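The values are calculated or read from the model by the stated rules, or taken from the named source; none is laboratory data. Because the structure is predicted, anything quoted here is derived from the model rather than measured. Note that we place each Cβ from the backbone using ideal geometry, even for glycine, and neighbour counts take in every protein chain shown. When the accessible area is computed, the model is the full protein with side chains, heavy atoms only, and any ligands, DNA or RNA have been set aside. Shrake-Rupley method; radii C 1.70, N 1.55, O 1.52, S 1.80 Å.
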Amino acid sequence: MSSHTKQALVMIRASLSSLPRRLAISLSMALSVAFVVCVLAGFLSMAKGFETALAGAGSPLVAVVLGGGTNQETGSDIPAAIIRTLDAMTGDMGVTRDAKGNLVASREIVVPVDVKEAADEATRTLALRGMDAAGTAIRDGITLSAGRDFTPGDREIVVGDRLAGEFGLGVGDSVRLGAVDWTVVGHFSAHGSAFESELWADLDAVRSAFDRQGQVQSLRLRLTDPASIKLLQDKLATITTTPLVALSEADLYFAQSGRTASLIRMFGWPVALLMALGATAGALNTMMSSVSDRTVEIATVRALGFSRLSTFLGTWVEAILLASAGVILGLLASWLIVNGWQASTIGANNARMAFQLTVTSDVILTSGLLGLAIGILGGALPAIAATRLPLTAALRARG
């Protein structure tokens, strides 16, 4: 082991052994780092949870056709004549057909409805999706967890498992949506995706109850394979009466999740960075206190021949270790408090969408690196100051 390494280890050991004399201020530095890490992890896990909920709802094997040139269901309108034209088209469209040659499709609309939450009787706006009988089968990963599917033409709804628990909507219950009562006949599981934040019912029943006769916002089709979306887009391009957009369900929800997740991060990062600046100032103050507390000790070992590097490392490593303790504490707090927490926001259809905050490995890595950066930057200047401390100044300070 080289002399420089031995000197560095001696200085690090001496620095750490003096921590009990500065326990309060050292703890304040670690706690400030922990707070920054916990806040940033909270924002990032919120964005990640939102992305996960929407990503799980989209399938590359399901095509969504939208009308009016929009890429969202809200504001889209597909005339009935267009749907008949699509059904009558010949040639390979890249979509599946039934034994009679008809398109396996689901015409759909989304209507915002107000429902009272079971816990506090507060009114929340949810998405009631009207769909054809094939709507459930077209989607991937949907299973009935209780009851049965709705009957075409009847005012019956199936409820996502997440909503069923939050709003106390049991099978057999009656709930008022708009001006009429609907019967809950089943619950469905979508593995925690955004679909579980919706109520599903028959298309004609929804259109009749909410005076949306003849309206279709989106048309879902089952693709033969993910690459077939290009064939469908080429076929739609031949229809010039109404601008139509076709994209995979996965792309639709990815675009929606990207916009909202970016907004969450856009708000979270500035807040975390401002807090990090304050924590860095606190680390600077803590380490300057460390240098001041060990003035004679540092100056003496420098006079005995210890290198500037060993003196620098003694102070700098202390700052990094305190920051590391704060990172561990902050990540543990975020895991216990934030991970799995249920949150909600307004989705693309102007209705409530629930999701679960998720502390993932990339959230841990990003938050942890910011916490370590506080210690690295906050400890660098005091460590440099320690290397420039002369013995005469130390003696005068003691005198």
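Over the chain, what is the mean sequence separation of C-alpha contacts under 8 Å (at least six apart), divided by residue count, expressed as relative contact order in percent?
It rounds to 30 percent for the chain.
Output the 0 to 90 degree angle, nearest 10, between the alpha-carbon long axis of helix 3-17 and the longest principal axis computed from the alpha carbons of the chain.
Helix 3-17 sits at roughly 80 degrees to that axis.
Enter the angle in degrees (range 0 to 90, nearest 10) between the Cα long axis of helix 23-55 and the first principal axis of the Cα atoms of the chain, meaning the one along which they spread out most.
Between the helix axis and the principal axis of the chain, the angle is about 20 degrees.
Which order do the peptides 156-168, 131-143 take when ranked by the mean count of other beta-carbon atoms within 10 Å per residue, highest first?
156-168, 131-143
When the helices in the chain are scored as -39500 (n - 2.57) per DSSP H run of 4 or longer and the sum is shared across all residues, what 222 nm value do you end up with, to the nearest 500 deg cm²/dmol?
-17000 deg cm²/dmol
Ordering Ile78, Ile320, Ile328 from largest to smallest accessible area (1.4 angstrom probe), what's the sequence?
Ile328, Ile320, Ile78
Go through Arg21, Arg129, Arg222, Arg207 and list them by solvent-accessible area, largest first, probe radius 1.4 Å.
Output order, biggest surface exposure first: Arg21, Arg222, Arg207, Arg129.
R0 = 25 Å: FRET efficiency of Lys116 with Thr143, Cβ-based, nearest 0.05?
0.35
Among bridges DSSP assigns within the chain, what percent are antiparallel (round to 5)?
That works out to approximately 80 percent antiparallel.
Give the distance, in whole Å, between the Cα centre of the range 174-195 and the Cα centre of the range 217-231.
Going from one Cα centre to the other spans 27 Å.
For Lys235, go through the lysines and keep the ones whose alpha-carbon is under 30 Å away, minus same-chain ones fewer than eight residues off.
Lys100
Rolling a 1.4 angstrom probe over the protein chains, ignoring ligands and nucleic acids, what is the accessible area of Met288 in square angstrom, nearest 10?
80 Å²
Would you rank Trp341, Trp182, Trp269 by solvent-accessible area, highest first, keeping every protein chain in place and using a 1.4 Å probe?
In descending accessible area the options line up as Trp341, Trp269, Trp182.
How high is the FRET efficiency between Ala133 and Arg84 when r is their beta carbon distance and R₀ equals 22 Å, given to the nearest 0.05?
The value I calculate is 0.75.
Name the residues of the range 194-226 whose amide N is less than 15 Å from a point 7 angstrom out from the Cα of Asp173 along the C-beta direction?
Zone members listed by number: 197-200.
On a 0 to 90 degree scale, rounded to 10, what angle separates helix 249-293 from the longest Cα axis of the chain?
10 degrees
Put a dot 7 Å past each Cα toward the Cβ at Ala24 and Thr96; how far apart are the dots in nm?
About 7.0 nm, to one decimal.
Using only the Cα atoms of the chain, build the gyration tensor, take square roots of its eigenvalues as a ≥ b ≥ c, and label the shape rounded, prolate or oblate: rounded if a/c is under 1.5, else prolate if a/b is larger than b/c, else oblate.
Judged from the Cα gyration tensor, the chain comes out prolate (a/c at least 1.5, a/b above b/c).
Need one word for the range 1-53: rounded, prolate or oblate. Basis is the Cα gyration tensor (sqrt eigenvalues a ≥ b ≥ c); a/c below 1.5 gives rounded, then a/b vs b/c decides.
Judged from the Cα gyration tensor, the range 1-53 comes out oblate (a/c at least 1.5, b/c at or above a/b).
In square angstrom, what is the accessible area per residue of the range 1-82 with a 1.4 angstrom probe?
41 Å²
What is the calculated FRET efficiency for Ser3 to Ile376, with r their C-beta to C-beta distance and R₀ = 22 Å, to the nearest 0.05?
The formula returns an efficiency of 0.30 here.
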